[in-house]
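Worksheet: the structure to be examined is printed underneath.
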Amino acid sequence: MAKLICKNKIVLSDMKYIISLFGLMWGLMFASQSKVKKGRCLVVGNKDKKVSIHMLFCFYHYEVLFINSKFRVVDKKLLRPWSLRYVSARKFKYVIESSEGTFTRIRVGNKVKIQR
């Protein structure tokens with residue numbers, strides 16, 4: 001489990017940290033609302049890159065943060081259930097997914113910490 005911290009405040013205290021290929025593909029598909037609220041941190045590689053994400057078999061709106069290797073938020077998006085594809089305009093290393101409204105105080109450009 002991991003924590004997401006922004007401006008010295010814990011935003012997510014019990015998110016799952018995922019680095020496996022299967023975990024990256026699965027993400028929050030079929031997840032219950034309680035699992036969505038806890039959040040997921042998907043590590044998409046060793047360096048920043050552009051990767052598309054989808055919302056197939058996801059039944060809730062998700063807020064998604066795209067974070068680069070310097071731990072800066074480079075994109076933020078609210079994704080709707082069953083969205084086929086989203087690609088951030090900027091390269092990133094981490095994708096943080098959680099329920100709608102979780103990241104209201106986080107802005108693009110903010111620095112965050114991911115504690116494992």
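Values in this text are rule-based calculations from the coordinates and carry no lab data. The shown structure was predicted, so the numbers you read here are calculated from the model rather than taken from an experiment. In this analysis, Cβ positions are derived from the backbone assuming ideal geometry, glycine residues included, and neighbour counts consider all displayed protein chains.
Couplings 3J(HN,Hα) for the stretch 28-34, derived from phi with the Karplus relation 6.51 cos²θ - 1.76 cosθ + 1.60 (θ = phi - 60°), are 10, 4, 6, 6, 6, 5, 5 Hz, where x marks Gly and Pro. Evaluating 6.51 cos²θ - 1.76 cosθ + 1.60 at θ = phi - 60° for every residue in the stretch 104-109, the Karplus couplings come out as 4, 8, 9, 10, 4, x Hz, glycine and proline recorded as x. Shown here for the stretch 1-81: chymotrypsin sites (Phe, Trp or Tyr not before Pro) in loop regions (DSSP other than H, G, I, E, B) with at most 11 other Cβ atoms within 10 Å, namely Phe30. Across the stretch 81-98, computed HN-Hα scalar couplings (Karplus, 6.51 cos²θ - 1.76 cosθ + 1.60, θ = phi - 60°) run x, 6, 5, 6, 6, 9, 10, 5, 6, 10, 6, 8, 10, 10, 10, 10, 10, 7 Hz from first to last residue, x flagging Gly and Pro.
Would you pull out the residues with amide H under 5 Å of Val11's amide H, same chain only if 5 or more places away, H placed 1.01 Å from N? Answer set, sorted by chain and number: Leu4, Ile5, Cys6.
Helices in the chain, meaning DSSP H runs of at least 4 residues, each add -39500 (n - 2.57). Divided by all residues, the mean residue ellipticity at 222 nm is -2500 deg cm²/dmol.
Taking 19 Å as the cut-off for C-alpha to C-alpha distance, list the pairs among Lys7/Lys111; Lys3/Lys93; Lys9/Lys91; Lys77/Lys111; Lys9/Lys77; Lys7/Lys76 that go past it. Let's see the in-between values first.
Values: Lys7/Lys111 8 Å; Lys3/Lys93 16 Å; Lys9/Lys91 25 Å; Lys77/Lys111 17 Å; Lys9/Lys77 21 Å; Lys7/Lys76 17 Å.
Cα-Cα > 19 Å for Lys9/Lys91; Lys9/Lys77; rest within.
Springs join every pair of Cα atoms under 10 Å in this Gaussian network model of the chain, and among Ser98, Ser88, Ser34 the largest mean-square fluctuation is at Ser34.
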